[in-house]
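Undergrad: Please see the structure below; I have some questions.
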Amino acid sequence: MEDPLGVLRTLAKSNYYQTIYGSCKETGLKIFENTTDLTFIQLWFLSFLSIYSVLNMDVAIGDAPEKVLEDVIYEDAYLHFKKKSGQKDYKKKQDQLKNPQRISKNKNEVETAPKSKWLFKRAKD
């Protein structure tokens, strides 16, 4: 007996279902007859469609090598890496917002940018 999630992954990865998924996102077409009260299998299938849409986009724009799509282990590893690196980037951006810095003309020196505040006043009538 074949793994049902493996079958869903294979279907979701196919060009046929990726095309349908992309069209549904753009035009609002329905993938399933039922639009509410989705089954467990339908939810998993939608999840895999979304995952493979992201993977295909990353391969297309060059963020991931095409080899990622050769094996389920590579796919999962890449998604895990992307999630972890995304969290690090998010934390780094938050730290930069809290402590903005700029590099001076001398590349070895880092200056702290002055903090500015906005002051809103109403015009006097």
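Undergrad: Quote to one decimal, in nm, the extra length available between GLU33 and GLU2 on full extension: 0.36 nm per residue of separation minus the C-alpha distance between them.
TA: Here the segment from GLU33 to GLU2 would lengthen by 8.6 nm.
Undergrad: How far apart, in nm, are the 7 Å Cα→Cβ label points at ILE61 and GLN42?
TA: Rounded to a tenth, the inter-label distance reads 3.1 nm.
Undergrad: What is the fewest-to-most order of THR39, THR27 by other Cβ atoms lying within 10 Å of their Cβ?
TA: Numbers: THR39 10, THR27 7.
Ordered from fewest to most neighbouring Cβ atoms within 10 Å, THR39, THR27 come out as THR27, THR39.
Undergrad: With label points built 7 Å along Cα→Cβ from the Cα atoms of LYS93 and LYS25, find their separation and express it in nm.
TA: In this crude spin-label approximation the distance works out to 1.8 nm.
Undergrad: So how do 3-11, 81-89 stack up, highest first, on mean other-Cβ count within 10 Å? Don't skip to the answer; put the middle values down first.
TA: On the way: 3-11: 13.7, 81-89: 10.8.
Descending mean neighbour count gives 3-11, 81-89.
Undergrad: Taking N as the number of residues in segment 4-97, what is its alpha-carbon radius of gyration divided by 2.2 N^0.38 Å?
TA: Numbers: Rg = 15.5 Å, N = 94, 2.2 N^0.38 = 12.4 Å.
My calculation over the Cα atoms of segment 4-97 gives 1.25.
Undergrad: According to a simple spin-label model (label point 7 Å from Cα along Cα-to-Cβ), what is the distance in nm between SER85 and ILE73?
TA: Going by the 7 Å Cα→Cβ label model, 2.1 nm.
Each reported figure results from applying straightforward, stated rules to the coordinates on display, with no laboratory input. If you're wondering where the values come from, they're calculated on a predicted model, not measured in any experiment. Cβ coordinates were reconstructed from backbone atoms using ideal geometry, including for glycine residues, and neighbour counts include every protein chain displayed.
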